[in-house]
Amino acid sequence: MRAMASDPALPLDDFVQALRPDTRLIGLDLGTKTIGLALSDAGRGIATPMETIRRKKFTADADHLLALCSQHHVGGIVLGLPLNMDGSEGPRAQATRAFARNLSQKTELPITYWDERLSTAAVTRTLLEADSSRAKRAEVVDKMAAAFILQGFLDRLGHLTAKDDSP
């Protein structure tokens, strides 16, 4: 376990350096009642919606999350950081940082944040365009938002890797 840190999330470059090869990433969309989860492929190119955890207590939620991480050979955690439109942080961003602090006490996996502004709105719009029922949207929106967050991160990661590989 890590020593207590004010914010255990790593900057992008440090996060990438901390990843073990051939491991997946898990993306989280933290809500007050649910946690949407998405999983990357081992090549870290594609994010797939995984499941939605109904939040109970932190320990139960973290144990379930970490069991999934172990089961799916996850090497890092990408937490959606809900910034306000002006880039400032409100109560939800503070709650996400608290979740990261608490989670870091239970795992050695590297953790980073990804700006999740408008992720749920984008997913909801896509589902509306697909003519999904309200019940179906409610059932899938959290894990789809997690996939949207994780895919944004993977796309950025791909650009970094491509830049590093260029002559």
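The values are calculated or read from the model by the stated rules, or taken from the named source; none is laboratory data. Please read all numbers here as calculations on a predicted model, not as lab measurements. For neighbour counting, all protein chains shown are included, and Cβ atoms are generated from backbone atoms with ideal geometry for every residue, glycine included.
Restricting the stretch 28-75 to residues that are among the acidic types (Asp, Glu) and touching a residue at least 60 places away in the same chain (Cβ under 8 Å), the residue that is surrounded by the fewest Cβ atoms within 10 Å (Cβ to Cβ) is GLU51.
In the set GLY36, GLY80, only one residue is touching a Phe, Trp or Tyr at 6+ places or on another chain (Cβ under 8 Å) and in a strand (DSSP E or B); that residue is GLY80.
Being within 27 Å of HIS159 (Cα to Cα) and either more than 15 Å from the chain's Cα centre (by Cα) or of a type in the set (S, T, N, Q) (or both), is that true of even one residue in the stretch 52-71? Within the stretch 52-71, none of the residues are within 27 Å of HIS159 (Cα to Cα) and either more than 15 Å from the chain's Cα centre (by Cα) or of a type in the set (S, T, N, Q) (or both).
Screening THR59 with (1) hydroxyl-bearing (Ser, Thr, Tyr); (2) under 15 Å from ARG101 (Cα atoms); (3) assigned to a loop (DSSP other than H, G, I, E, B) gives one miss only, at (3). Taken as a whole, the structure leaves ASP22 outside the set of residues that are within 16 Å of LEU154 (Cβ to Cβ), in a strand (DSSP E or B), charged (D, E, K, R) and modelled with pLDDT under 95.
Scanning the stretch 23-45 for residues that are touching a strand residue (DSSP E or B) at 6+ places or on another chain (Cβ under 8 Å) and of a type outside the set (A, V, I, L, M, F, W, C) yields THR23, ARG24, GLY27, ASP29, LYS33, THR34, GLY36, SER40, ASP41, ARG44.
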